[in-house]
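Shown next, in structure tokens, is the structure this report addresses.
Bear in mind these aren't lab numbers, they're just calculated from the coordinates by the rules spelled out. Predicted model, so just to flag it, every value in this text is computed and none were measured. Don't worry about glycine lacking a Cβ; one is built from the backbone with ideal geometry, like all the others, and counts go over all protein chains shown.
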Amino acid sequence: MKKEIKMTFRWYGEGNDTVELWHIKQTPGVKGIMGLLDYKAAGEVWETDEIKSYIEGVNRVGLECKVIESVNVHEDIKLGLPTRDEYIENYIKTIENLAENGIEVIIYNFMPVFDWLRTDLNRLIPEDGSFSLYFSEKDIEGLTPVEIVKNTSKASRGFTLPGWETARLSHLQEILDAYKGMTKEDLLVNYKYFLDAIIPVCESVGVKMACHPDDPGWPIFGLPRLAHDQEGYDKIVALHDSPCNTLCLCTGSLGSNVKNDIPAMIRHFGEKDRIAALHVRNVKHLGDDRVFRESAHLSEYGDLDMFEIMKAIYDTCPDAYIRPDHGRMIWGEKARPGYGLYDRALGATYLCGLWEAIDKMS
Ligand SMILES: [Mn+2]
């Protein structure tokens with residue numbers, strides 16, 4: 001191969017995932033893990049010991065761990081409250097601890113309140129009897145955010161969901177009230193304050209921050225959201241100009257918004273060296289721009305052209321870490337919604353296949 005694909009897989013940690021490390025090790029093409037310490041609340045320091053023990057576990061089966069996801073930003077930082085400095089200090093400590101353990105990329109987001117949102121976590125796909133995550137704007141119209149959080153927690157089958165910490169969401173109404181009147185511009189100012197504090201540290205320890213997009217890719221519940229199109233990301237990248245201020249380009253999150261041309265966005269930011277990580281999956285709209293489900297990874301099952309996506313990555317940011325994203329529940333698997341083994345493993349193999357073809361034709 002002229003260019004090696006950096007294929008990885010998300011893993012929730014020992015005893016916290018139906019998928020085991022040896023399953024991942026046996027998945028063709030997968031060389032590493034995008035890790036997380038699922039139990040950490042936003043604002044807490046990730047201690048060296050716990051990071052080390054997670055990574056050592058991964059290394060023991062012969063996988064590497066160079067990327068960490070879901071280092072969540074405390075709401076006070078996004079709100080610009082006086083207490084933010086203390087949480088930024090903690091965040092910096094976490095960056096240093098991760099760097100000390102060989103981490104190169106940290107994936108995070110700067111979305112108020114909701115990390116991601118679906119209206120059904122186990123939606124039947126009638127064509128083949130599998131299940132996937134589903135979103136319909138119509139389904140949230142009659143509901144309050146508090147009701148939606150309750151429904152989502154109920155549907156999670158007892159698994160933790162990334163970004164849905166129960167302790168934080170038990171104060172949901174309070175947090176939502178705190179955002180009342182906040183504009184996108186206000187949020188950008190608070191975002192810049194955060195980046196100005198952390199990016200110089202990232203530069204000195206050699207870590208890239210990669211901002212994950214809003215999901216779905218438009219504003220919800222009147223909350224300000226910044227990261228769902230090229231224009232929004234141009235602004236984020238410009239807030240603090242540095243090779244350490246990058247994106248985690250999630251094709252499914254951005255692809256939920258039909259206005260986004262995903263291969264063009266990859267080329268735009270890849271050429272500027274601002275993509276450090278990618279989540280690659282497909283999404284299918286169902287007769288309405290704001291109704292979609294997560295489909296199998298293959299182009300023909302969704303609205304995204306996966307060949308053009310992989311080609312854009314190959315051409316402009318081949319060194320970025322990649323993982324298949326949410327998969328469907330197939331073959332009777334019972335797992336954390338979106339994070340079963342089978343469909344994601346098929347996705348990884350498919351993406352590696354596209355890569356090999358592109359590589360040999362180049
Ligand atoms: Mn994603």
Along the dipole axis of region 6-361 (charges at Cβ: +1 for Lys and Arg, -1 for Asp and Glu; origin at the Cα centre), the most positive-end residue among THR246, LEU223, MET7 is MET7
Under the 0.36 nm per residue contour assumption, what length would be gained going from the current alpha-carbon distance of LYS334 and PHE221 to full extension? 37.6 nm
Treating region 1-135 as a set of equal point scatterers at the Cα positions, no solvent, please give the Debye-formula log₁₀ I(q)/I(0) at q = 0.09, 0.11, 0.21 Å⁻¹. -0.35, -0.51, -1.23
Going fewest to most other Cβ atoms within 10 Å around each Cβ, TRP355, TRP22 line up as TRP22, TRP355
Here the membrane-span-like helices of the chain, with no claim about any membrane, defined by DSSP H, Cα axial extent at least 20 Å and mean Kyte-Doolittle at least -0.5, are 184-205, 342-361
From the backbone phi of region 320-337, what are the Karplus-calculated ³J(HN,Hα) couplings (6.51 cos²θ - 1.76 cosθ + 1.60, θ = phi - 60°) in whole Hz, Gly and Pro given as x? 6, 6, 10, 9, x, 9, 2, x, 7, 8, 10, 6, x, 5, 10, 7, 4, x
Helix-derived mean residue ellipticity, 222 nm - over the chain, DSSP H n ≥ 4, -39500 (n - 2.57), to 500: -12000 deg cm²/dmol
Between region 314-359 and region 163-183, what is the separation of their alpha carbon centroids in Å? 32
Treat each spin label as a single point 7 Å out from the Cα along the C-beta direction, and report the LYS52 to THR144 distance in nm. 4.7
Mind checking the log10 I(q)/I(0) for region 189-345 at q = 0.09 Å⁻¹? Debye, one equal scatterer per Cα, no solvent, two decimals. -0.31
Convex hull volume of region 6-361 per residue (C-alpha atoms, cubic angstrom): 127
Taking the chain as a Gaussian network, Cα atoms linked when under 10 Å apart, which of LYS180, LYS284, LYS66 shows the biggest mean-square fluctuation? LYS180
Which ordering of SER136, SER204 is given by a fewest-first count of other beta-carbon atoms within 10 Å? SER204, SER136
Can you give the local net charge around TYR342? Use residues other than it whose beta-carbon is closer than 11 angstrom to its beta-carbon, Lys and Arg +1, Asp and Glu -1. 0
Surrounding charge for ALA178, neighbours by C-beta under 15 angstrom, Lys/Arg +1, Asp/Glu -1, total -1
Determine, for ARG336, ARG168, ARG281, the number of other Cβ atoms within 10 Å of each Cβ, and report the residues in order from fewest to most. ARG168, ARG336, ARG281
Distance in Å, no decimals, from the C-alpha centre of region 97-150 to the one of region 285-303 is 16
